[in-house]
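Some notes on the structure that comes next.
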Amino acid sequence: MKSYPPPPKELGGRLQVLGGAPMLQVLAKLAASRGLKVYLVGGAVRELLLGRETHDLDLAVDRQALEVGQELAQTIGGSYVLLDEREKSARVVWQGRELDLTEFRAPDLPGDLRKRDFTLNAMAIPLEELLDPSTPQIIDPWGGRADLTAGRLQLLLPENFLDDPLRLLRAFRFAATHGFDLSPQLRRVIQRYGPAIATAAGERQRQELFRLLSAPRAHPVLRLMDQLGFLGHLLPELEDMKGVAQDGYHHLDVFEHSLSTVGHLEELLAAPENFFQECASYVTTYSRQDKKAALLKLAALFHDVGKPLTRQFREDQRRYTFYHHERLGVEIFLQVAARLRFSQEESRTVARLIELHMRPFLLLPDYRQGKLSQRALGRFIKAARPELAGVFLLAMADSLGGQGPAKPPDSEAALAGFCDQVYVFLKERLEPLEQRPRLLTGDDLIRVLRLNPGPDFSKLLTAVEEAALAGEITSREEALELVRGLLADAMTGERDNREGKAK
């Protein structure tokens, strides 16, 4: 989908609003007192032309960028952050807004703009235009506005990608977030310089990857990244999945299935009600939490990454098996997460989704036959929370991505029904039970049953909890009786074991 700049009149109105920002008004006065030329540049100009809001601003200053940045921060009571002393780049933060100031990297503005990544990011607006935008002036020496109108991502100089290899990944991010097409020349440069992405800082790669995956239509861009050979440079762990046949439930190899799973996940995120029933609102609420969409897509991309190393061919069944591939998949993903500097919470979320993505399928046979016990439901829910809804989203996308001959025709309907049963159990039994006082505590085991604290405490309390979830016990007295029975059984087992050894 192409993007078209708004008419100049609308642009002038947006510039007027932006120019009213106190930070910019103070900066304009400071620049005038020093005789400096300051320009709004980069993404802020692009977003203004597209009619989008822009919060973080980049400004190019012909000289004294660090000095005027320090004076600005002091004048308005903001924070000054030195970003790069060699590049003479600094940030001023005030009332939640960030303003980056960078000194010209060339003798003049056109030369500075040419050192940027793409033509549509190489436009500028003089600072004074923001304060009096009656006739908006867009400085566009490299044809950025024409490329923006055409929805085309065009590079300025190939060597700019070597100066900052992250720009290679940023090209795909813009393709996902803005729908821009990559020009043929840009595609060739990406194929040539792609390996350089490995030299970019891990945390910067992570930031761009999350922005890309947060876009509603990241799947086609991931395919393009693979076609240009770039995905393997960014995430080399995925390469081992290529050509690994699966058969059975699947019609694609492991790599193609994983990419397909991402695509089906995006369909689910766009319209959960088309796939789920009673639990649709539950999965919708989950998926709209901060970063969940990106984390789910990462889980979809890596959910089967352990299969290549666990694949075995069963002669008796004439099929491949991948026992415990989810466990190895977690280990492989955590290596990726460490390299890209994921937070502990991000790593934990994706790892939990990968670890549990097979659990719904393992429970489906009992669900279909009406044999799924209350205990099994409770154990599954407690193991999956707080990612329970995400586990079902991933499982549904996984199922939609597998269309092999052995797949039951009712797989998606069964998963949706199972999700409903889990949701009802969660809302009608587990959550109300959690809001009540616990039937037994560790203190009860010490005071009433005279037990010494130890590792068995957790097992006994878990047994009480599971029995309460299943509706087998409802009072403190029944919980105590259950524990006494478990202790008696344990003592009997130990005695029988001793007598057996004596014989």
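The values are calculated or read from the model by the stated rules, or taken from the named source; none is laboratory data. This structure is a prediction, so every number in the text was calculated from the model and none was measured. Glycine also receives a Cβ, built like all others from the backbone with ideal geometry; neighbour counts cover every protein chain displayed. Surface accessibility is based on the protein's heavy atoms, side chains included, excluding ligands, DNA and RNA. Shrake-Rupley method; radii C 1.70, N 1.55, O 1.52, S 1.80 Å.
Considering every residue within region 369-386, establish whether at least one is within 22 Å of LEU252 (Cα to Cα), surrounded by 14 or more Cβ atoms within 10 Å (Cβ to Cβ), at pLDDT 95 or above and in contact with a Lys or Arg (Cβ under 8 Å, 6 or more places away or on another chain). No, there is no match, as no residue in region 369-386 is within 22 Å of LEU252 (Cα to Cα), surrounded by 14 or more Cβ atoms within 10 Å (Cβ to Cβ), at pLDDT 95 or above and in contact with a Lys or Arg (Cβ under 8 Å, 6 or more places away or on another chain).
Just one of the listed residues (ALA280, ALA245) is among the hydrophobic types (A, V, I, L, M, F, W, C) and open to solvent by 20 Å² or more (accessible area, probe 1.4 Å), namely ALA245. Residues of region 254-267 that are under 17 Å from GLY329 (Cα atoms) and either among the hydroxyl-bearing types (Ser, Thr, Tyr) or surrounded by fewer than 17 Cβ atoms within 10 Å (Cβ to Cβ) (or both): SER258, THR261. Looking only at residues in region 156-179 that are modelled with pLDDT under 95 and open to solvent by less than 20 Å² (accessible area, probe 1.4 Å), which one is farthest from GLU208 (Cα to Cα)? If we take residues in region 156-179 being modelled with pLDDT under 95 and open to solvent by less than 20 Å² (accessible area, probe 1.4 Å), then ASN160 is farthest from GLU208 (Cα to Cα). Taken over region 24-65, the residue count meeting the criterion of being touching a strand residue (DSSP E or B) at 6+ places or on another chain (Cβ under 6 Å), closer than 17 Å to TRP94 by Cβ and open to solvent by 10 Å² or more (accessible area, probe 1.4 Å) is 2. For region 452-471, a residue qualifies if it is more than 17 Å from ILE381 (Cβ to Cβ) and open to solvent by 40 Å² or more (accessible area, probe 1.4 Å), and the qualifying residues are ASN452, PRO453, PRO455, ASP456, SER458, LYS459. Of all the listed residues (ARG318, ARG311), the sole one being of a type outside the set (S, T, N, Q), closer than 28 Å to PRO405 by Cβ, in contact (Cβ under 8 Å) with a residue 12 or more places away in the chain and open to solvent by 70 Å² or more (accessible area, probe 1.4 Å) is ARG311.
Screening ARG167 with (1) touching a helix residue (DSSP H, G or I) at 6+ places or on another chain (Cβ under 9 Å); (2) among the basic types (Lys, Arg); (3) without any contact (Cβ under 8 Å) to a residue 12 or more places away in the chain gives one miss only, at (3).
A single entry from ALA338, ALA294 fulfils the requirement of being exposed (fewer than 12 other Cβ atoms within 10 Å of the Cβ), of a type in the set (Gly, Ala, Ser) and modelled with pLDDT of 95 or more: ALA338. Within region 402-423, residues that are over 19 Å from ASP304 (Cβ atoms) sit with their Cβ atoms under 7 Å from residues that are among the acidic types (Asp, Glu), at 6+ positions apart or across chains, in these pairs: ASP420/GLU278; TYR423/GLU278.
Here GLU103 passes the criteria (1) closer than 23 Å to ASP132 by Cβ; (2) crowded, with 16+ Cβ neighbours inside 10 Å except the one numbered (1). Could you tell me which of the residues GLY401, GLY390 is open to solvent by less than 10 Å² (accessible area, probe 1.4 Å), under 21 Å from GLN246 (Cβ atoms) and within 28 Å of the chain's Cα centre (by Cα)? GLY401 is the lone residue from the list that is open to solvent by less than 10 Å² (accessible area, probe 1.4 Å), under 21 Å from GLN246 (Cβ atoms) and within 28 Å of the chain's Cα centre (by Cα).
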